[in-house]
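Encoded as structure tokens, the structure appears first; notes follow it.
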Amino acid sequence: MYIIQIASECAPVIKAGGLGDVVYGLSRELELQGHTVELILPKYDCMRYDHIWGLHDAYLNLWVPWYDGRVHCSVYCGWVHGRMCFFIEPHSQDNFFNRGYYYGDYTDAIRFAFFSKAALEFLLQSNKRPDVIHCHDWQTGLVPVMLYEMYQWHGMQHQRVCYTIHNFKHQGACSADILKATGLNRPDYYFAPDRLQDNHHPGALNLMKGGIVYSNSVNTVSPHHAWEARFSDVGCGLQPTLEVHQNKFRGILNGIAEDVWNPETDRYIPYSYAADRFVDKKLNQKALRSRLMLAESERPIVCFIGRLDDQKGVHLVHHALYYALECGAQFVLLGSATDDGIYSWFSHEKAFLNENPNCHLELGFNEELAHLIYAGSDLIVVPSNYEPCGLTQMIGLRYGTVPVVRGVGGLLNTVFDWDYDREHSLETRNGFVFFQQDAVALESALGRALDLWNHSPELFQQLALQGMACDNSWTHPAQQYLEIYEVIRHKWV
């Protein structure tokens, strides 16, 4: 099968969050299972060019209709750790992707509307006709809209779209100017409840809603989050649209790329290890303490790795830090704040705890350091307010770092409580789960985890090894996506 992924990220060359990891990991697994996969991405000025091999001109005269004229683009081709990627570079005074960042501009909607238009024009003009176009998040929500309303009449009538939503919070609400820019026009047609009109703001278009309405198949990134999106406020206003399109909506759990996240082959950790060499994890723990200038101690290391924002339960991350120290543990944080207030808050904590030999706060993100923290920590805390899937807990499991998570979204599909889970046998449980959004609930789970480490070290190691035995690879999720692709190849949904 011939599959093209259209996305705003692909790790490690373009990564702002889990989306990049998913696009890379799924593409790799689909190729391993014998399919042809190509990726279309924006050519940002700030992406990691050192992760691209053989970048070269591929299509230098791509002219993209835009408003009443055309924008000249160049398309470059290169391989990102074996994945064939096409990077679209517009030559425009709008400077769409030369801004030193991926997201966060008030013009994001028009930037990614242009990218969606350019991606389809590239397919049309280069005569690429994939069996399936796989789009991701609001940034590419217009792709199925334009394919169905425009491009199917220009020789692309056989292409089908799978649309994956990674985060319902960001939906690409925008004005009617998008219609004129892309050539869709007809605002009366698109400002309709069964098309692109935002469910709560009738004067706005919703690009994610367009992706849901026009795609042949829609999914989010875990079964439990799919339920939450339909029946709770996690759907962020799209619940009625998901209800209408429930027959093509489901949840498929993400995986992790095992060529990247594997303690047996990880080039970013000083000592490789596996379940039968679990003792070598202690060597990485020693290296972590040395690098971060933590005290050499027989204490458990608790870590947090991820964004510091409301979604990730930042108030509980803060509480976990002080609770772990109070319980005699060490705490390591690696996180980038998405809000000035949160950054100031944790900068203050970093300064306050700077001399504490049992704590290290690293504000920002460092991919290489993340690997060492996973390998050197005993516990990873993931107290998210909501979590579509979550990769950190799965990576933690792979590295024998026991997760302590809040029971939401994909966290509930991947972590099974050591003490209280009744749906899984004791031999397949792998972590600790709490459900409320308060400090007492967090302490109940993290406290049980630390008690097990302190008082039953053999059982704690057994729990860590059971986590390492979990299969969170892309093998099974990729097969589920392939089943969807096969179904939609033969019909419009």
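The values are calculated or read from the model by the stated rules, or taken from the named source; none is laboratory data. No experiment lies behind these values; they were computed from the predicted model shown. Every residue, glycine as well, gets a Cβ built from its backbone with ideal geometry; the counts of neighbours run over all protein chains shown.
Worth a mention:
- Residue within the stretch 109-117 that is buried (at least 16 other Cβ atoms within 10 Å of the Cβ), of a type in the set (Lys, Arg), under 22 Å from Met150 (Cα atoms) and modelled with pLDDT of 95 or more present: yes
- Checking the stretch 61-75 against the condition returns a match, with at least one residue being at pLDDT below 95, assigned by TED's automatic domain parsing to the domain that holds Gly155 and part of a strand (DSSP E or B).
- Among the residues of the stretch 133-155, those identified as β-branched (Val, Ile, Thr) and either surrounded by fewer than 24 Cβ atoms within 10 Å (Cβ to Cβ) or within 19 Å of Gly183 (Cα to Cα) (or both) are Thr140, Val143, Val145.
- Residues that are charged (D, E, K, R) and either outside the structural domain of Tyr323 (by TED's automatic domain parsing) or within 29 Å of Val221 (Cα to Cα) (or both), drawn from the stretch 449-478: Asp471
- Here Gln93 meets each of (1) assigned to a loop (DSSP other than H, G, I, E, B); (2) within 21 Å of Ile178 (Cβ to Cβ); (3) in contact (Cβ under 8 Å) with a residue 12 or more places away in the chain with one exception, condition (3).
- Single residue of the stretch 1-21 satisfying the filter (in a loop (DSSP other than H, G, I, E, B) and surrounded by fewer than 22 Cβ atoms within 10 Å (Cβ to Cβ)) that is modelled with the lowest pLDDT: Gly17
- Leading residue by the ranking (modelled with the lowest pLDDT) among those in the stretch 23-60 that are part of a strand (DSSP E or B) and surrounded by fewer than 13 Cβ atoms within 10 Å (Cβ to Cβ): Leu60
- Here the stretch 261-273 is the region considered, the condition is being within 20 Å of Asn472 (Cα to Cα) and in contact (Cβ under 8 Å) with a residue 12 or more places away in the chain, and the residue that is nearest to the chain's Cα centre (by Cα) is Trp261.
- The stretch 341-383, subset among the polar types (S, T, N, Q) and free of Cβ contacts under 8 Å to residues at least 60 places away in the same chain, residue farthest from Phe460 (Cα to Cα): Ser344
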